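Asker: Structure below; questions to follow.
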Amino acid sequence: MSGLARSLLRAIRRAPLSIAFVLMVWAYGLATRSLPGGPNDRLLAHVGTGVGPLAEGRWWTPLSAMLWWGTIGAAVLTTALVLLGGALAEHRIGVARTAALLVGTQVAGTLVALGLIAAGAAVRGGGWPSDLAAQVFVGAAPGAVGLVLAVSSTLSALWRRRLRLLVLAALAMLVAYSGALPDVIMLCSGLVGLAAGVLLAPPDRHPGPASRTEVRVLIALVVAASALGPLVAAIGRAPIGPLSVLQFVVLSPPPDAVTVQQICATSDADMCRDLQAQLRLYGIGPALASVVPVLLLLVVADGLRRGRRAALVVGIALNLVLAALGVLLAVLVVSTPSEQLMVYQAAPGARRIFALTLPPLLPLAVAGLLWWTRARFAVRAPAGTYRRLTVTALAVLVAVSAAYVLLGAAVADQFDRPPTLGALLADLPLRFLPPGYLGEVEPDFLPQGYLATLLFEWTGVVFWLVVAIGLMLAFRRRRADPGASTPGGPGSSPDAAGRTWAGSRRGPATPTGSTPAARRPSPTG
């Protein structure tokens, strides 16, 4: 870590322009009290950019927005992006071109993004484009992203592909799940930077095909990016992107079972179903259960990076299961009247279409990509590794299932509607599904007591955590090569010193790798 820190400091010291820019913004930001709370409304109206400010004639705002960086959190992130982008660019393309790209990609990306947003709002007259048209933006993050993608053309083919895939996947994920104005402007500025990078690349630059190892890393990045999208929607303060409705997979309000029961006894059925769905998604256990697909996919991505055949199989199977769950959820939502929906009634029109079609289509696309590149993943674990993991997982599955059914029946009075043994058995499969896929399923009973809540929330979590940890450890195990300990091949054996001897029909055994004249055994290799 200390070596990494020293390398990072050396790289940043080679970016005097970026350092000066960051210090200047922080200095007058603190002086004008626009940090740490962000510019006040009066200042924002003059320097912030958006469809509204440009329509009102404030043409300078795409440039002035670079000089104010919002709240303290946004300022810290922008500082990191500017310093890292500058450290990468200034010693490669010079200070003048770095400044031109930083400003040019931001201004051009802002104009392209705002033009598309204005056109979309004019055509649709509502929805996501209209929400974006009402927002105002400040910050230099789009210029930093555009600078990084432009300078990526000067890197080696290996790092150029990795950097571009990582940045573009992150930007696309932000737009799809968060969908705020800064996300759209960053994506457009990044694409402008890619186009500008063509002018920086040497004319004779012809990268060869990616190696087997490089393909593994790129595929792992794609799988990891596909896993993190719902978390972006959940972390965002007010996500409005096409997939923002999927925030319900990992985000939920906190009512308690007693309140829900009282409201259901005195209020209409729609409010009762809403609160029941929210209660199902609340708590540490449901939160962990909601991110189980994310955790498993990240473990699979690590295995794919290592070239593991088992990671390929698990990745394809997991994505197919998620696609099937997405199809079942879509069928349930479509077949339910809109006024009876508990979660997806908040996503009318086109957003509901996106929310119902993309959850099954995205895992299918990832599964297809893994199948198409399956020849790249051939590394296997030592014999018996996955057999032991399967036995362990089955034992844990039986244990937690028995605990849920038997202990649940023993503490049936701790549920709002005491379940029978058959009801607990029927509900058992739902304990292993992410709560977000159960938002439209009306629960038959809900826990009230401590032990009932523990069983209801943690049965599936314990099982999936064991599976995830077991897979992670299995993907890291190296397979013992049978030929590694016997380099002499068939008929050879190591002696006490670890040297390999091979028998011969013509005379006494001689050590492999030595000559008869030497008469001395020498270690193989």
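Asker: Might you check whether a residue that is assigned to a helix (DSSP H, G or I), surrounded by fewer than 17 Cβ atoms within 10 Å (Cβ to Cβ) and at pLDDT 85 or above occurs anywhere in region 7-15?
Answerer: The answer is no, given that none of the residues of region 7-15 is assigned to a helix (DSSP H, G or I), surrounded by fewer than 17 Cβ atoms within 10 Å (Cβ to Cβ) and at pLDDT 85 or above.
Asker: Follow-up question, since we're still on this one. Of the conditions (1) more than 25 Å from the chain's Cα centre (by Cα); (2) at pLDDT below 90; (3) β-branched (V, I, T), I72 fails just one. Which one is it?
Answerer: Status for I72: all satisfied but (1).
Asker: Can you tell me which condition P253 does not meet? The list is (1) modelled with pLDDT under 60; (2) closer than 25 Å to L465 by Cα; (3) more than 18 Å from the chain's Cα centre (by Cα); (4) crowded, with 21+ Cβ neighbours inside 10 Å, and all the others hold.
Answerer: (4)
Asker: Counting just the residues of region 452-503 that are at pLDDT 50 or above and charged (D, E, K, R), which one comes out nearest to Y404 (Cα to Cα)?
Answerer: Among them, the one singled out is E457.
Asker: Based on what the data block shows, is L389 in contact with a helix residue (DSSP H, G or I) (Cβ under 7 Å, 6 or more places away or on another chain), crowded, with 16+ Cβ neighbours inside 10 Å and not small (G, A, S)?
Answerer: yes
Here's the yes/no breakdown for (1) touching an Asp or Glu at 6+ places or on another chain (Cβ under 9 Å); (2) aliphatic (A, V, I, L, M); (3) in a helix (DSSP H, G or I):
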residue	(1), (2), (3)
G143	no, no, yes
G146	no, no, yes
S152	no, no, yes
L163	no, yes, yes
V167	no, yes, yes
V175	yes, yes, yes
D183	no, no, yes
M186	no, yes, yes
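Asker: Which members of region 22-46 meet the condition of being assigned to a strand (DSSP E or B) and free of Cβ contacts under 8 Å to residues at least 24 places away in the same chain?
Answerer: The answer is none; no residue qualifies.
Asker: Please verify whether region 375-385 includes one or more residues that are in contact with a strand residue (DSSP E or B) (Cβ under 7 Å, 6 or more places away or on another chain) and among the β-branched types (V, I, T).
Answerer: yes
Asker: Still on this structure, please answer the following. For region 26-72, name all the residues that are on the phi > 0 side of the Ramachandran plot and touching a Gly at 6+ places or on another chain (Cβ under 8 Å).
Answerer: Hits for region 26-72 are G38, G70.
Asker: Picking from V405, V400, V396, V391, which residue would you name as being more than 30 Å from V215 (Cβ to Cβ), at pLDDT 90 or above and touching a Leu at 6+ places or on another chain (Cβ under 6 Å)?
Answerer: The unique qualifying residue is V405.
Asker: A further question on this structure: Could you look through region 76-127, keep only residues that are of a type in the set (G, A, S) and buried (at least 22 other Cβ atoms within 10 Å of the Cβ), and pick out the one that is farthest from L30 (Cα to Cα)?
Answerer: Once the filter is applied, the top-ranked residue is A113.
Asker: Quick one: which residue in L81, L88, L35 is of a type in the set (A, V, I, L, M), over 20 Å from V145 (Cβ atoms) and in the same structural domain as A118 (by TED's automatic domain parsing)?
Answerer: L35
Asker: Continuing with this model, one more query. Residues of region 305-356 being of a type in the set (V, I, T), modelled with pLDDT under 85 and in a helix (DSSP H, G or I), which ones?
Answerer: Within region 305-356, V327, V331, V333, V334, I353 qualify.
Asker: Would you mind telling me which numbered condition in (1) surrounded by fewer than 16 Cβ atoms within 10 Å (Cβ to Cβ); (2) over 23 Å from L325 (Cα atoms) L425 fails?
Answerer: (2)
Asker: Let me ask something else. Being aliphatic (A, V, I, L, M), within 32 Å of the chain's Cα centre (by Cα), at pLDDT below 90 and over 19 Å from V103 (Cβ atoms) narrows it down to one residue among L67, L35, L43, L30; which is it?
Answerer: Every option except L35 fails the conditions.
Asker: Within region 47-75, can you find the residues that are surrounded by fewer than 14 Cβ atoms within 10 Å (Cβ to Cβ) and either part of a loop (DSSP other than H, G, I, E, B) or among the hydrophobic types (A, V, I, L, M, F, W, C) (or both)?
Answerer: A55, E56, G57, W59, W60, I72
The values are calculated or read from the model by the stated rules, or taken from the named source; none is laboratory data. None of these values were measured; they are calculated from a predicted model. So basically every Cβ, Gly included, is an ideal-geometry build from the backbone, and we count neighbours across all protein chains shown.
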